[in-house]
Amino acid sequence: MKKIQILGTGCAKCEKLAANAKQAAEKLGLDYELVKIKDLNEIMAFGVMTTPGLAVDGKVLTTGKLPSPAEIEKMIG
C-alpha cells in the first residue's frame, strides 16, 4: 500500500492537491492511503518550506506546485 502524503496547512491549493492525488491514485488502481499533514513542524521535518507538498511513502515529490492528476500519475505510477 502506498502512503500518499499531502503537506500543507489546509489551504485551497492543498485541498486541490489532495483531490488530484486521489484522482491519480484511483485511475492507476493503486492500493493507497491518503494522509493530510497539517502540522508545520511535521511539514518542516520533510524539508518542505513551500506548500503544498506531495510525498509518497515519506519521499517528497513536489513542493510549492499544484500538479495535475496526469502529472501525479507519472510520479506515483
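Only the coordinates and a few stated rules stand behind these numbers; no lab work does. The shown structure was predicted, so the numbers you read here are calculated from the model rather than taken from an experiment.
Tabulated data
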{"item": "Nearest 10 degrees, 0 to 90: helix 12-28 Cα axis against the chain principal axis", "result": "30"}
{"item": "Helical mean residue ellipticity (222 nm; -39500 (n - 2.57) per DSSP H run of 4+; nearest 500) of the chain", "result": "-12000 deg cm²/dmol"}
{"item": "Reachable lysines from LYS36, criterion Cα separation under 18 angstrom, eight or more residues apart if same chain", "result": "LYS2, LYS3, LYS13, LYS16, LYS22, LYS59, LYS65"}
{"item": "Average Cα contact separation per residue, the range 2-76, under 8 Å, 6 or more apart, as relative contact order %", "result": "42"}
{"item": "Computed over the chain, the ratio Rg/Rh where both radii use C-alpha atoms and Rh is Kirkwood", "result": "0.93"}
